[in-house]
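A quick write-up on the structure given underneath.
We did not get these values from a lab; they are worked out from the coordinates using the rules stated. For clarity, every value in this text was computed on a predicted model and none was experimentally measured. Methodologically, a virtual Cβ is constructed for each residue, glycine included, from the backbone with ideal geometry; neighbour enumeration extends over all protein chains shown.
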There are 2 protein chains.
Amino acid sequence: MAPVTNGRIIFNSVPTGFPVPGETTIYDTTETIDLDAAPLDGGFLLKTLELSVDPYMRGAMRAPEKKSYSPPFALGQPLRGYGVGVVLRSENPQVKAGDHLYGFFEHKQYSIRKDLTGLQVVENAYNLPWSVFVGVVGMPGKTAYMAWKEYAHPKQGETVFISTGAGPVGSFVIQLAKADGLKVIASAGSEEKVQFMKEVGADVAFNYKTTNTAEVLEKEGPIDIYWDNVGGETLEAALSAANVNARFIECGMISGYNSGGAPVRNIFLVIGKSITMTGFIVSRIEHKYNEQFYKEVPAKVASGELKYREHVYNGLEKLGDVILAVQKGENKAKAVVHVADD
Amino acid sequence: MAPVTNGRIIFNSVPTGFPVPGETTIYDTTETIDLDAAPLDGGFLLKTLELSVDPYMRGAMRAPEKKSYSPPFALGQPLRGYGVGVVLRSENPQVKAGDHLYGFFEHKQYSIRKDLTGLQVVENAYNLPWSVFVGVVGMPGKTAYMAWKEYAHPKQGETVFISTGAGPVGSFVIQLAKADGLKVIASAGSEEKVQFMKEVGADVAFNYKTTNTAEVLEKEGPIDIYWDNVGGETLEAALSAANVNARFIECGMISGYNSGGAPVRNIFLVIGKSITMTGFIVSRIEHKYNEQFYKEVPAKVASGELKYREHVYNGLEKLGDVILAVQKGENKAKAVVHVADD
């Protein structure tokens, strides 16, 4: 068969504020690949099906000398992120053609990989759409499920506040908190998202763009747990409304990702209120809960017990726009780029 | 016997910045008391010997409608704080004349108390000076000892950074950390204090006024534990220099006490570094460690194994000046006001 285009999303320049599609990232079609004949050198050929676009990716769009917990994207090279794909050919005995893999993908249509580093074979016993394996059954779902188990220490009757409660992490956390018997306050940035948060069980759901977060928490709090995806002023409001011995689960702080960090002026409240604030990266606790997660969560998704929403964008060439939409909160739900059918 | 003057330190006005002696607080001599005949109504007469002046007291100098973890000082009434005293007369069977009491005192020379609420009888088996019972064997000592046991989770070979390491809390923490086999970095605000931190075992001791904290931590870190008494820019530097899975013990944030809170701009680092930040008030964990503390610490003070320093000011009338000195860090060691001899 003749070589085909191997479309790629290239990291082209370090953004100073929001990433600019076409400038920060470029969709490149200059590479081709012969799917039947390209040498595998003992590895395997992977076809990308779905790519996840997540808030944390902004952190990798930085100059290489700036340190952080994950490596930066390399200028001139494809972005990387969570994805699902199918093996087309393999010389590696660990995987065979037809296997589906979840893990860290290069943002290109086809990749030749040497081994399973950063990847795992996934079963799909319930025949779920592959996109959920980068969403509610992927990194965002693991983030919610595992950190809630590890850090929340919920007690029946307590109150939790969840910011970005309509996202793939927040909406899962709402459902975990309700299952544990908590009162749930949740915020998001549109009326449609407020509606979704109510559908998944939030007792108090509000639009932070039209309603003052501090006033809601003052009225509905004090809060015993804060699940933070936002940082900045929202974190300040949560500190003000926190109960003694509150747990703050620091999952993300998107309010500062495009401005170099949002200041928090009342952090001293952690002392008087004996607050424990825990930051985490799900990959560091994944080994403790992975088996339990894959046993429990796909079944609950299949039965409809666990609700989720996705916003699927079609075509790898859209990825730069989706990154920007996610940084601005314009996506309607968990953002997935559908690259190819299975 | 004729009535004697019962000197008092009165909370006179709410300060906006640093407290002003003679304005924020007033030494008042209008009250008298007849030590032999004043009616006890079933309570007891307590003579104040030593009063502790601590950084946290600034927080109680606020308008009554402002909420916090401890009650505000009442305008027109004496301040309150930790102290040691001796019972002169008693109608309460729980205590007898000659008993020494530690706990929460009104800032006056003599008090009539109904019962032991906020007080405990202390033994002095090693004949230590009474001032140590508000210092290394009092609240500051308990703060260091108990929070280190509860939150530090030290592992041999790790590195800890302790701010205000020459204070009564910090200097005790240095010694606890060295006993646990850690590398200790400690900061304070004068060369004399640096010398003292070295004497009690700090491996790296520096004057933050003449040496850049961030540079020291960059060179000597990364740090696994940060004992924070300062907040603000020092906390920012510690976040920047923290290792993955670092523990931040939030004991105090004096840098913001006189300015309404110092902003922290890189709090987002708790996420990428999986930092756990725990605020605490020693009174909430005291019940777990009190017995162990009084069994262990006075003996170590008496033997000289546990080193401490005090800065004793003579006379209750000095108390307002001592509060200001402590807020400005001008005291040379744990500040104690000696009110009367035993």
What the 10 Å binned alpha carbon P(r) of the range B:37-119 shows, as percent of pairs per bin from 0, is 18, 45, 27, 10
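By the scheme Lys and Arg +1, Asp and Glu -1, what is the net charge of all other residues having a beta-carbon under 11 Å from that of A:Val230?
Working: positive: none; negative: A:Asp228, A:Glu233, A:Glu236, A:Glu250.
Result for the neighbourhood of A:Val230: -4.
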Once the label point is set 7 Å along the Cα-to-beta-carbon vector, what list of distances in nm do you get between B:Ala302 and its counterparts in the other copies? 7.0
Enumerate the lysines that A:Lys96 could reach by cross-link, defined here as Cα to Cα under 25 Å, with residues fewer than 8 away along the same chain left out. A:Lys47, A:Lys108, A:Lys114, A:Lys295
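Semi-axes of the equivalent ellipsoid of the range A:128-220: what are they in whole Å, largest first, if each equals the square root of 5 times a C-alpha gyration tensor eigenvalue?
Working: eigenvalues 96, 59, 20 Å².
The answer is 22, 17, 10 Å, longest axis first.
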One decimal, nm, shortest first: give the distances between the label point of A:Glu192 and those of the same position in the other copies, each label point 7 Å from Cα along Cα→Cβ. 6.8
Placing +1 on each Lys and Arg Cβ and -1 on each Asp and Glu Cβ in the protein assembly as shown, then taking the dipole about the Cα centre, the residue among A:Ala188, A:Leu306, B:Ala125 whose Cα reaches farthest towards the positive end is B:Ala125
For the range B:1-84, the Rg and Dmax computed from alpha carbons only, in angstrom: 14.9, 44
Which of A:Ile225, A:Ile254, A:Ile275 ends up with the largest GNM mean-square fluctuation for chain A, with Cα atoms connected below 10 Å? A:Ile275
In debye to the nearest 20, how big a dipole does chain A give about its Cα centre with +1 on each Lys and Arg Cβ and -1 on each Asp and Glu Cβ? 580
Can you work out the Karplus-derived ³J(HN,Hα) for every residue in the range A:214-225? Use 6.51 cos²θ - 1.76 cosθ + 1.60 with θ = phi - 60°, whole Hz, and x for glycine or proline. 4, 5, 4, 5, 4, 7, 9, x, x, 9, 9, 9
Along the positive direction of the dipole of the protein assembly as shown (beta-carbon charges: Lys, Arg +1; Asp, Glu -1; about the Cα centre), which of B:Leu235, A:Leu116, B:Thr32 reaches farthest? A:Leu116
Cut-off 14 Å between beta-carbons: net charge of the residues surrounding B:Ala166, Lys and Arg +1, Asp and Glu -1: +2
With an 8 Å Cα cut-off and a minimum separation of 6 or more residues, compute the relative contact order for the range A:53-184 in percent. 15
Could you give the angle, 0 to 90 degrees to the nearest 10, between helix B:319-328's Cα long axis and the longest principal axis of the Cα atoms of chain B? 10
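Would you work out the charge dipole size for the protein assembly as shown about its Cα centre, treating the Cβ of every Lys and Arg as +1 and the Cβ of every Asp and Glu as -1, and quote it to the nearest 20 debye? Don't jump to the answer; show the numbers that get you there.
Values: 68 positive and 78 negative charges, 29 e Å.
Rounded to the nearest 20 debye, it is 140 debye.
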Inter-copy separations for B:Gln94, label at 7 Å along Cα-Cβ, nm, ascending: 6.7
Which of the aspartates and glutamates could a cross-linker span from A:Lys66 if the Cα-Cα distance has to be under 12 Å and same-chain partners fewer than 8 positions apart are dropped? none
What the Cα atoms of the range B:180-277 span along the principal axes, largest first and in whole Å, is 36, 34, 22
How many angstrom separate the Cα center of the range A:275-342 from the Cα center of the range B:66-133? 58
Pick from B:Asp224, B:Asp203, B:Asp36: which residue has the top mean-square fluctuation in a GNM of chain B where Cα pairs under 10 Å get a spring? B:Asp36
Expected vector for the range A:76-89, Karplus 3J(HN,Hα) from phi with 6.51, -1.76, 1.60 and θ = phi - 60°, integer Hz, x for Gly and Pro, equals x, 10, x, 4, 9, x, 5, x, 10, x, 10, 7, 8, 9
For chain A, what is the calculated [θ] at 222 nm in deg cm²/dmol (nearest 500), taking -39500 (n - 2.57) for each run of four or more DSSP H residues and dividing by its residue count? -6500 deg cm²/dmol
Shielding by other protein chains, B:232-244, mean Cβ within 10 Å: 1
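Using the per-residue mean of other Cβ atoms lying within 10 Å as a proxy for protection, in what order, highest first, do the peptides B:8-18, A:314-324 fall?
On the way: B:8-18: 17.2, A:314-324: 19.4.
For the peptides B:8-18, A:314-324, the packing ranking is A:314-324, B:8-18.
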Calculate the mean, over all residues of peptide B:277-288, of how many other protein chain Cβ atoms lie within 10 angstrom of the residue's Cβ. 4
Residues A:His153, A:His287, B:His100 in order from fewest to most other beta-carbon atoms within 10 Å are A:His287, A:His153, B:His100
In Å, the Kirkwood hydrodynamic radius of the protein assembly as shown over pairs of distinct alpha carbons? 28.1
May I ask you to list the GluC sites (Glu not before Pro) in the range B:1-88 that are in a DSSP loop and have at most 13 other Cβ atoms within 10 Å of their Cβ? B:Glu23, B:Glu65
Compute the long axis of helix B:168-179 from its Cα atoms, compare it with the longest principal axis of the Cα atoms of chain B, and write down the angle in degrees, 0 to 90, nearest 10. 50
So which residue, out of B:Val84, B:Val270, B:Val132, gets the largest mean-square fluctuation from a GNM of chain B using Cα contacts under 10 Å as springs? B:Val270
